[in-house]
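Written below as C-alpha cells is the structure these notes are about.
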Amino acid sequence: QAGWCVGPPALIKPIQLLLPFVQFCATTPMQQALSHILQLADDPFEDQPSYYAWLVDMYRKKREILAEGLERSGIVPMQGQGGFFLMADTSALTVPDKYLAESTPAAPVMTRDWALCRWLAKEGGVIAIPASPFYSPGNKHLGENYVRFAFCKSDETLREAAAKIEELVKRTGS
C-alpha cells in the first residue's frame, strides 16, 4: 500500500490514528480474499505443481542469474536458504582510496563495505547493501568484505546490474 493524504488537520488527524491499524490488521474482506487465494495457490500453476513451487523456481532462477553475474566480476556469492538477497564476499575487489577516505552521516567512520557500495552506486550505477550495519558495533569488522544484493528484480535488471559491475571492475582494474 502506498499513498498520501493532504487536508486540514481536523481530517488528517483521524486518518493518522487509523493508519497503523489498517497497515497491520487486515480487514475482514481482505482476510476472506486471502484465505481463498491461499487455497488457489496449492493448485497447479504454469508448468509447476503449485503457485508456491513456481515462485520458488522463479526466484531460484533469478538468484542464479545474479550469482553467475557476480562471479564473473570476482565477487563470491553465498548460497542463502531463503529471502530475496544474496550476501556476497567482495574481498577480491579493490575499493578506490577516495571512497575509503570519505565520511558520511550514515558511515562517519567509513568501512570497506560502505565504501564499496558507494563506489558501485556512483561509478557503476548498481546499488548494494553494506553488511556491517547488521553487526553489533564490536563486530562490524566481520562484515566489511560483504555486501547484499537483492534479486527480487526482473531478469533483465539482474543481467544489466551484473554487466555494469563486470564493466566497472574491468574498467578500474579492481
For this session: Within segment 91-113, track down each residue that is farther than 16 Å from F149 by Cα, of a type in the set (A, V, I, L, M, F, W, C) and either in contact with a Phe, Trp or Tyr (Cβ under 6 Å, 6 or more places away or on another chain) or not in a helix (DSSP H, G or I) (or both).
Result: A92, V95, A101, A106, A107, V109, M110
Seminar exercise, completed: Sole miss for L38 among (1) more than 15 Å from the chain's Cα centre (by Cα); (2) surrounded by 12 or more Cβ atoms within 10 Å (Cβ to Cβ) is condition (2)
For this session: Could you tell me which of the residues G83, G69 is assigned by TED's automatic domain parsing to the domain that holds R148 and either of a type outside the set (G, A, S) or outside any helix (DSSP H, G or I) (or both)?
Result: G83
Problem set entry | Where M110 falls short, out of the listed (1) surrounded by 16 or more Cβ atoms within 10 Å (Cβ to Cβ); (2) over 30 Å from S154 (Cβ atoms); (3) modelled with pLDDT of 95 or more | (3)
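Of all residues in segment 114-124, which are within 9 Å of V95 (Cα to Cα) and either not in a helix (DSSP H, G or I) or not aliphatic (A, V, I, L, M) (or both)? Spell out how you get there, then give the answer.
First, the residues of segment 114-124 that are within 9 Å of V95 (Cα to Cα): 115-116, 119.
Result: W119, single match.
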For this session: Looking at (1) in a helix (DSSP H, G or I); (2) touching a residue at least 24 places away in the same chain (Cβ under 8 Å); (3) buried (at least 16 other Cβ atoms within 10 Å of the Cβ), find the lone condition where R159 falls short.
Result: (3)
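Taking E64 as the residue in question, decide whether it is part of a loop (DSSP other than H, G, I, E, B), acidic (D, E) and free of Cβ contacts under 8 Å to residues at least 40 places away in the same chain.
Working: part of a loop (DSSP other than H, G, I, E, B): no; acidic (D, E): yes; free of Cβ contacts under 8 Å to residues at least 40 places away in the same chain: yes.
So E64 fails the test.
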For this session: Would you mind telling me which numbered condition in (1) out of contact with any Cys (no Cβ under 7 Å at 6 or more places or on another chain); (2) assigned by TED's automatic domain parsing to the domain that holds E144 Q48 fails?
Result: (2)
Problem set entry | One residue from A128, A101 being in the same structural domain as E71 (by TED's automatic domain parsing) and either surrounded by 15 or more Cβ atoms within 10 Å (Cβ to Cβ) or in contact with a Gly (Cβ under 9 Å, 6 or more places away or on another chain) (or both) | A128
For this session: Evaluate segment 137-144: report whether one residue or more is modelled with pLDDT of 95 or more, touching an Asp or Glu at 6+ places or on another chain (Cβ under 7 Å) and more than 24 Å from V56 (Cβ to Cβ).
Result: yes
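The values are calculated or read from the model by the stated rules, or taken from the named source; none is laboratory data. Every value quoted in this text rests on a predicted model; they were computed, and no experiment measured them. Ideal geometry is used to build each Cβ from the backbone, glycine not excepted, and the neighbour counts take in all protein chains shown.
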